[in-house]
Each structure stands twice: as structure tokens, then as C-alpha cells.
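Structure first, commentary second.
The values are calculated or read from the model by the stated rules, or taken from the named source; none is laboratory data. None of these values were measured; they are calculated from a predicted model. Glycine also receives a Cβ, built like all others from the backbone with ideal geometry; neighbour counts cover every protein chain displayed. Side chains included, ligands, DNA and RNA excluded: accessible areas come from the protein's heavy atoms. Shrake-Rupley method; radii C 1.70, N 1.55, O 1.52, S 1.80 Å.
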Amino acid sequence: MKKYIGRRLLQLIPIILGITFLSFALMQTAAGDAVDALYDNTSGGVSEQIKVEKRAELGLDKPFLVQYFNWLMDAVRGDMGVSYISKKQVFETFISKLPATIYLTLAAILVTVLVSIPLGILAAVKRNQFIDYFIRMMSFIGNSMPSFFISLLLIYVFALKLNILPVIGNSEGWKSIILPTLTLAIAMSSKYTRQVRAAVLEELNKDYVMGARARGIRESVIFYASVLKTAMLTIITLLALSIGSLLGGTAIIESIFMWDGVGKLAVDSITMRDYPMIQAYVIWMALIYVAVNLTTDILYHYLDPRICILQEE
């Protein structure tokens with residue numbers, strides 16, 4: 001297991017380099033640059049000479065490979081550069097946005113777990129009964145609606161009509177997080193409820209369950225000691241994918257609710273072509289998914305050691 005973890009950590013280096021190089025190249029192909037985004041909305045306009053001088057100041061007049069190499073050397077030393085727009089240190093700005101995103105991530109994951117796992121198990125146990133049909137219908141409806149539509153619907157009901165929750169921002173304590181959390185949890189719970197149900201049903205139909213029943217083992221022991229433990233592999237995979245995407249910042253939801261996290265920061269940076277900030281976000285996303293995947297594999301090992309043996313081969 002230690003050798004496997006070591007190999008995965010070594011794989012992090014080329015993955016990060018490849019992702020940063022690709023994102024840097026894609027930004028270079030975009031129309032305009034940070035200087036255009038900075039000055040195009042200036043009243044009265046700005047002369048081309050001023051733009052040329054600004055590009056030279058920011059190093060944007062250098063060849064692509066030189067720009068990337070300079071950025072990479074600074075990043076290795078722990079210097080992510082200075083934002084083109086705010087003139088603040090990129091690392092400090094990025095870190096200041098993380099607590100809001102982590103807070104929203106934990107809240108959304110908690111609600112999703114508390115809703116999807118019990119409902120998925122209940123639907124599997126009560127297969128083809130009324131409660132099963134009802135849960136599947138509600139999950140289908142929730143899964144069919146895009147997140148932005150759910151957010152607008154919640155804002156209309158709870159903020160505009162009932163006037164009990166704030167519309168935007170995260171300045172009103174726990175009330176501010178309710179609407180964005182519900183928006184994320186509804187979408188994820190609807191999807192995961194169906195998948196948890198399918199995973200539990202698959203285990204319930206296997207031979208070892210019928211054999212355990214034939215030996216007179218209690219249904220509760222079979223379910224909690226065998227079925228649920230095996231189905232947890234699917235549940236862990238789902239949660240790992242969700243945690244990775246949520247920690248990266250759900251850009252649409254954070255932008256709609258003006259939640260001051262890394263997702264909104266990324267959208268603003270892309271709009272303003274703030275390359276150093278975008279690159280910091282790219283590295284953050286790459287690190288998240290590598291870390292989440294590695295953690296998931298380790299959990300797999302403890303739930304089913306056979307998986308680790310196959311991976312090490």
C-alpha cells in the first residue's frame with residue numbers, strides 16, 4: 001500500500017505540469033488579454049501605447065514559453081505572483097476565499113449524505129412499493145432540473161415571496177448558506193439517491209445474501225454487516241467526486257448567490273483574464289482531484305483489500 005501511495009504522489013508532478021501548461025496555452029489563445037480587459041471599459045478609452053507599456057510591465061509581451069517558464073519557477077518557490085487586476089498577492093487572495101467554499105462544501109455534503117443515503121436504502125428495501133415509486137419520482141424530478149433553475153426557484157419562494165432568507169452574499173451568518181446549500185444538495189441528492197438504491201439492490205440480489213438467509217442469519221445482520229458495507233464503495237466514490245467538484249467552487253451557484261468563494265473568484269478572474277489567479281485556481285483543482293482520488297483508493301483498501309492487491313499488480 002505504501003508503494004502504491006508513493007507512486008501516486010510521484011504521478012502528481014507530471015499531472016500538475018501538464019495541466020498548468022495546457023491551461024496556460026489555452027489562455028494565450030483567448031481573444032485579448034488582461035490589459036484589454038482592464039482598459040476596454042475605461043471611459044474615454046486608452047491609447048495603444050499605454051497598453052503596450054502595461055503589457056511590458058506585466059511581462060505579457062514575452063513569448064509564451066518564456067512567460068510559462070517564469071511563472072513556473074516562481075510557483076516552485078511558492079510565489080504565485082500578483083493579480084493583474086487587484087494588485088494583491090495571488091496566494092493570499094486565493095486562501096482568503098477558501099473558507100467560504102469549504103463551509104459551503106461541508107454543508108452541501110452533509111445535507112446530501114443525510115438525505116440520499118437513507119432514501120436510497122429505503123427505496124431499495126421497499127422495492128416496487130409505493131414509497132419506492134415516490135422516491136424515484138422525486139429524485140427524477142430533482143435530477144431533471146438544472147442547478148441554476150433550482151437556485152432561482154428557491155430565491156423566488158424563500159427570499160422574495162416568504163422573505164425569510166437572504167438572497168445573496170454570506171454576511172448574515174447561517175441564514176446566508178441555506179439557499180446555496182439547498183441548491184447543491186437537491187441536485188446531488190436526486191442523483192445519488194438513485195445510485196445508492198441501485199448499489200444496494202445489486203448487493204441484495206447476490207448469491208451470498210440468499211445463502212445467508214438460508215442459514216437463518218437475521219436480515220438486519222445481513223444488511224448492515226455485508227450489504228451496506230459493500231455498497232459503501234459506490235457511496236464513497238460518489239462523495240469523493242462531489243467533494244472534489246465542490247471544493248473547486250461551484251462557479252454558477254457561487255455567482256448567483258454572490259457567495260465569496262473560489263468559484264466566484266475563478267469566474268471573475270476568467271472574465272478579467274487575470275492569468276496568475278486563473279493558474280492558481282487550476283493548480284488548486286488539480287491538487288484536489290489527485291488528493292481526493294488517492295484518499296478514495298485508500299478507503300477502498302480498508303473496505304475491500306482485494307482492490308488494493310489488483311492496483312499493486
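One compactness figure for the chain is 1.24, namely its Cα radius of gyration divided by 2.2 N^0.38 Å. Sorted largest first by accessible area at a 1.4 angstrom probe radius, with every protein chain in place, the residues Met210, Met27 fall in the order Met210, Met27. Per-residue ellipticity at 222 nm from helix content only, as computed over the chain with -39500 (n - 2.57) for each DSSP H run of at least four residues, stands at -24500 deg cm²/dmol.
In order along the range 10-21, the Karplus-derived 3J(HN,Hα) couplings, from 6.51 cos²θ - 1.76 cosθ + 1.60 at θ = phi - 60°, round to 5, 5, 4, 4, x, 5, 4, 4, x, 5, 5, 5 Hz, and Gly and Pro are given as x.
Less than 5 angstrom separates the built amide H of Val82 from those of Val90, all sequence-distant by 5 or more or on a different chain.
Rolling a 1.4 Å probe over the protein heavy atoms gives the range 104-171 an accessible area of 61 Å² per residue.
Among Ser86, Ser151, the sequence by solvent-accessible area, most first, with a 1.4 Å probe is Ser86, Ser151. Split the chain at each of the trypsin sites (Lys or Arg not before Pro) in a DSSP loop with at most 16 other beta carbon atoms within 10 Å, and the longest piece is 219-313. Atom-type composition of the exposed protein surface of the chain places 67 percent of the accessible area on carbon and sulfur (1.4 angstrom probe).
With contacts taken as Cα pairs under 8 Å at a separation of at least 6 residues, the range 69-149 carries a relative contact order of 11 percent. The simple Förster model, with R0 at 51 Å and r as the Cβ-Cβ distance, assigns Met258 and Glu219 a FRET efficiency of 0.55.
Measuring r between the beta carbons of Asp79 and Arg136 and using R0 = 51 Å, the FRET efficiency lands at 0.45. Where is the GNM fluctuation largest for the chain (alpha-carbon springs, 10 angstrom cutoff): Met145, Met232, Met272? Of Met145, Met232, Met272, the Gaussian network model singles out Met145 as fluctuating most. Among Leu104, Leu154, Leu17, the largest mean-square fluctuation in a Gaussian network model of the chain, built with springs joining Cα atoms closer than 10 Å, belongs to Leu17.
Per residue, the Cα convex hull of the range 199-243 amounts to 57 Å³.
Mind putting together the pair-distance distribution for the range 174-215? All Cα pairs, 5 Å bins, whole percent per bin, short to long. In order of increasing distance, the bins hold 5, 19, 15, 13, 11, 10, 8, 7, 6, 5, 1 percent. Using the Stokes-Einstein relation with a Kirkwood hydrodynamic radius computed over Cα pairs, the translational diffusion coefficient of the range 120-273 at 20 °C and a viscosity of 1.002 mPa s comes to 120 µm²/s. Taking amide H positions as modeled 1.01 Å from N, with prolines and chain starts lacking one, the residues under 5 Å from Thr250 and 5 or more places away or on another chain are Gly263. Look at the alpha carbon pairs under 8 Å that are at least 6 residues apart: their mean separation over the length of the range 137-270 gives a relative contact order of 28 percent.
When you restrict to C-alpha pairs under 8 Å that are six or more residues apart and normalise by the size of the chain, the relative contact order lands at 26 percent.
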